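Each remark here refers to the structure printed beneath this line.
The values are calculated or read from the model by the stated rules, or taken from the named source; none is laboratory data. Please read these numbers as outputs of a predicted model, since none were measured by experiment. Note that each Cβ is placed from the backbone with ideal geometry, even for glycine, and that neighbours are counted across all protein chains shown. For accessibility, only protein heavy atoms count, side chains too; no ligands or nucleic acids. Shrake-Rupley method; radii C 1.70, N 1.55, O 1.52, S 1.80 Å.
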Amino acid sequence: MVKIAVDLMGGDNAPEAIVDGVMKAVEEDTSIEIIAYGLKGSYTGSHPRIKFIEVTEKVESEDDPVKAVRRKKDSSLVRAAKAVKDGEAEACVSSGNTGAIMSAGLFVVGRIKGIERPAIASIIPNITGKGIMLLDMGANSDNKPKHLYQFAEMASIYMEGIENRKNPEVGLINIGSEDNKGNEVTRGAFELLKDSDLNFTGNFETRDIISGTIDIAVTDGFTGNIVLKTIEGTAKSMMTEVKDVFLKSTKNKLAAGVLKKDFGSIKDLFDYRKVGGAPLLGLDGYVLKAHGSSDSLAFHNAVKQSKRMAESGALDKIKEKVGEE
């Protein structure tokens, strides 16, 4: 059995969508047990593999992340993180405030000794069908070359152990593909990566995220967050524009009817709900950030992903790798 702690109160659609997603996960996989933390009435079921623990507080989206984690000790998020820290659960999942989840990871679960900065990693869907892992997604605004190097190490272990990608290719996000491009941080990180045993392919331009074939793109948290938001906004706007074109006239509507299945496959390709969530790498436990607007399908996949993480042994491998430095 794999025990997973779940924050029922985090996210735009909590607790209903979170509960539905959890139910889908336990019904599909009999090896999953859930410890669900939520306010009174947030879970009223009686599934034998879902243990509900009532809490008295929740972390709100407008809360200061650090203050909320330190003051709201009986919140669903903090209790879920503590379950991982205490060994009661092997992983925890939340759709809540990203800053609060990272704070709970740092202050409750703790950081792996030797890792200077944890990172939020996310697999961005692309036309290759396998997606590309991008990190850091915003845990750190400022980074040093060593931080980016450690991000690449952790991501490589994750992608090999959890996504089954042997010897994953790593690229360093930069303003050009030439070796001497970039600022002091990227040039320093380039040298560290070039001299490492990682499968480093060189500098990587963000225009290739959707079409590129590498497995991992490494950058600082400020840049990574901007890249992610740009991709999300562009994809959403393009799909809206395509829909509007097909609804402009009767002729276009007929064409839309013929092509509906094909355009549906394109929409599915960029559907964040199928990805699962964003792991927080560098913590001394498995913590997964599900999308803030997760519906039941998205959270169901996040729970499945957290199970793969718990079974992978990736955490021990990251510790071993760091211990060699």
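The figures follow:
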{"quantity": "Segment 17-42 - residue that is of a type outside the set (S, T, N, Q) and without any contact (Cβ under 8 Å) to a residue 24 or more places away in the chain and, of those, most open to solvent (accessible area, probe 1.4 Å)", "calculated": "LYS40"}
{"quantity": "Extreme residue, farthest from GLU88 (Cα to Cα), among residues of segment 283-325 that are open to solvent by less than 20 Å² (accessible area, probe 1.4 Å) and polar (S, T, N, Q)", "calculated": "SER294"}
{"quantity": "Members of segment 54-90 found to be closer than 25 Å to ARG308 by Cβ and within 21 Å of the chain's Cα centre (by Cα), listed by number", "calculated": "SER76, LEU77, VAL78, ARG79, ALA80, ALA81, LYS82, ALA83, VAL84, LYS85, ALA89, GLU90"}
{"quantity": "Residues that are open to solvent by 10 Å² or more (accessible area, probe 1.4 Å) and part of a helix (DSSP H, G or I), drawn from segment 122-152", "calculated": "PRO145, LYS146, TYR149"}
{"quantity": "Test: residue in segment 56-66 that is surrounded by fewer than 17 Cβ atoms within 10 Å (Cβ to Cβ), modelled with pLDDT under 95, closer than 24 Å to LYS24 by Cα and of a type in the set (Gly, Ala, Ser)", "calculated": "no"}
{"quantity": "Of all residues in segment 199-246 being at pLDDT below 80 and among the basic types (Lys, Arg), the one that is most open to solvent (accessible area, probe 1.4 Å)", "calculated": "LYS236"}
{"quantity": "Lone unmet requirement of (1) in contact (Cβ under 8 Å) with a residue 60 or more places away in the chain; (2) touching a strand residue (DSSP E or B) at 6+ places or on another chain (Cβ under 6 Å) for ARG117", "calculated": "(2)"}
